[in-house]
Amino acid sequence: MTVRKAERTLTLFFEFLAKKKLLEHVDESAFKKKILYGKSNQKYTVSPFKGVVMPRNRQGHIAHDLPERYILPLIELAVKIANPIALGIYMQCFGGIRQGELVNIRRSDVNSIGSFGEFGLVVRLQKRNLRTDIKDSAGASGVKKPRRQIVFPIQDWLQQLYRNHIENYTPVDGSDALFVNRDGKAMSGQSYRAYFSKLKREFLKQLRNSSNPDDLVYAIKLEEYKWSTHLGRGIFTNLLAEEADNPYDIALPRGDSNLASSLVYQGNTERMRKKLEDRMQHLYKDYLPNLIKKLNFRSLIFRTKP
């Protein structure tokens, strides 16, 4: 939790206590309201705490990418300890889909090219919020423009992940959500981030405990940087940039008006798909498929709750 989030939580907590008359020396009137910037109909409670020292802005210290040798191990680790979002991690790394977009995808939004995404997925991204019952800014739709997004297949990794996800995580709340929480409801952005934070901690732990000195050095570097689910989109962009012949090869997140145009577009990206697959195959021959086939996914469901 950041200092700013902790301050906001404590402010709301003490305001609640004041409203309940549980604070002897503090009245409810001590908590002032201000209009949220750019939101004329929304107000927030001003922090009553004085002299709070905020950390320096570290925008220049944000990790936007991951060395290619760590991409698949990260997904492998997600399968082991954060299985409900393992498919999401893949879709971020090889489709560039944002967290806010992932948690608002419905099953019916996913069009499989071949059996269980054998030749990729075309995902329809729309501005929506599947969890209107909760306040969750992390789950708000991050779609700037509704579009159909390609998720590239690498060997049969996508096929294995997608099949096991569909078979094991079924929504029960009528939302048709692709990603669900432990109760079978559409997963919130906060819940997705909790799984990712667990994955991040374990990933750094494995790097620190590695016998490879390069892993240890990189763990120290990552610990100095700020990074979260946005890392997957950065990985995707950099993978494309490495293989791109022109700017259009990088501009994959584009808006298509109908499924037919998306399929044509997918055909036009076959060259890029082949390049990415060859690149990954060179690094990870038969790596993830063998792992997944050996795992008991149904037991993982109950072992990977954050």
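Yes or no, residue by residue, for (1) modelled with pLDDT under 90; (2) out of contact with any helix residue (DSSP H, G or I) (no Cβ under 6 Å at 6 or more places or on another chain); (3) of a type in the set (A, V, I, L, M, F, W, C):
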{"site": "A82", "(1), (2), (3)": "no, no, yes"}
{"site": "I85", "(1), (2), (3)": "no, no, yes"}
{"site": "C93", "(1), (2), (3)": "no, no, yes"}
{"site": "R106", "(1), (2), (3)": "no, yes, no"}
{"site": "G120", "(1), (2), (3)": "yes, yes, no"}
{"site": "I134", "(1), (2), (3)": "yes, yes, yes"}
{"site": "A138", "(1), (2), (3)": "yes, no, yes"}
{"site": "G142", "(1), (2), (3)": "yes, no, no"}
{"site": "F152", "(1), (2), (3)": "yes, no, yes"}
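Residues in the stretch 167-190 that are under 29 Å from I113 (Cβ atoms), assigned to a helix (DSSP H, G or I) and under 18 Å from the mean Cα position of the chain (by Cα): G189 only. Among residues of the stretch 161-178 that are at negative phi, those with a beta-carbon under 6 Å from a residue that is of a type in the set (K, R) and part of a loop (DSSP other than H, G, I, E, B) at least six positions away or on a different chain give the pairs D173/K185.
Matching residues to (1) farther than 23 Å from D65 by Cα; (2) of a type in the set (A, V, I, L, M); (3) touching a Cys at 6+ places or on another chain (Cβ under 9 Å):
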{"position": "S112", "(1), (2), (3)": "yes, no, no"}
{"position": "L125", "(1), (2), (3)": "yes, yes, no"}
{"position": "N129", "(1), (2), (3)": "yes, no, no"}
{"position": "K145", "(1), (2), (3)": "yes, no, no"}
{"position": "Y162", "(1), (2), (3)": "yes, no, no"}
{"position": "Y169", "(1), (2), (3)": "yes, no, no"}
{"position": "G174", "(1), (2), (3)": "yes, no, no"}
{"position": "A177", "(1), (2), (3)": "yes, yes, no"}
{"position": "R193", "(1), (2), (3)": "no, no, no"}
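When K205, K200 are checked against the criterion of being part of a helix (DSSP H, G or I), among the basic types (K, R) and within 24 Å of L240 (Cβ to Cβ), K200 stands alone in meeting it.
The values are calculated or read from the model by the stated rules, or taken from the named source; none is laboratory data. Just so it is clear, the model here is predicted, and its values are computed rather than measured. So basically every Cβ, Gly included, is an ideal-geometry build from the backbone, and we count neighbours across all protein chains shown.
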